Amino acid sequence: MNIDDLLATLKYKADSESHLIPDQTKCAKCTNRVCEHVCPACVYEWSEEEHKLLVAFENCLECGACKIACVQKSIAWRYPSDSKGVTFKSS
Ligand code: SF4
Ligand code: SF4
């Protein structure tokens, strides 16, 4: 089973607002955009058109890799509120 197949088995309950908030001023000056490369769920995408970092927070696996990898410490990171977010195993 490849990663896309595994991701397709997960369940998400989307929060109403993003639990991942990048500092767009820092992101605009970023030269490596490591968040795009470390995120297993492809949550981050730099948009040249909008000149901002797009965040598909609904797909977040809550692994924390982006927060650790961003050397600019741009991302304000928390878990989704209440019981929102990803479910790895359904009971
Ligand atoms: S979150 Fe960090 S790594 Fe990603 S674009 Fe912003 S500054 Fe760069
Ligand atoms: S916590 Fe993990 S899955 Fe969520 S955005 Fe960061 S790297 Fe991607």
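The values are calculated or read from the model by the stated rules, or taken from the named source; none is laboratory data. Owing to the predicted nature of the structure, the values given are computational and were not obtained by experimental measurement. Methodologically, a virtual Cβ is constructed for each residue, glycine included, from the backbone with ideal geometry; neighbour enumeration extends over all protein chains shown. With ligands, DNA and RNA removed, areas are computed over all heavy atoms of the protein, side chains included. Shrake-Rupley method; radii C 1.70, N 1.55, O 1.52, S 1.80 Å.
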(Q) Looking at Val55 and the list (1) at pLDDT below 95; (2) touching a Leu at 6+ places or on another chain (Cβ under 6 Å); (3) open to solvent by 30 Å² or more (accessible area, probe 1.4 Å); (4) not acidic (Asp, Glu), which single condition is not satisfied? (A) (1)
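Filter the range 70-91 for residues that are under 26 Å from Thr9 (Cα atoms) and of a type in the set (Gly, Ala, Ser); which is surrounded by the fewest Cβ atoms within 10 Å (Cβ to Cβ)? Spell out the reasoning first.
Here is the first cut: in the range 70-91, the ones under 26 Å from Thr9 (Cα atoms) are 77-91.
With the extra rule that they be of a type in the set (Gly, Ala, Ser), the set shrinks to 81, 83, 85, 90-91.
Numbers: Ser81: 11, Ser83: 8, Gly85: 19, Ser90: 7, Ser91: 3.
So the residue we want is Ser91.
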**Q.** Selection count where residues are within 14 Å of ligand 2 (Cβ to nearest atom), more than 26 Å from Lys11 (Cα to Cα) and assigned to a loop (DSSP other than H, G, I, E, B), scope the range 24-67
**A.** 1
(Q) Could you tell me how many of the residues in the range 40-52 are more than 9 Å from ligand 1 (Cβ to nearest atom) and either among the aromatic types (Phe, Trp, Tyr) or open to solvent by less than 40 Å² (accessible area, probe 1.4 Å) (or both)? (A) 3
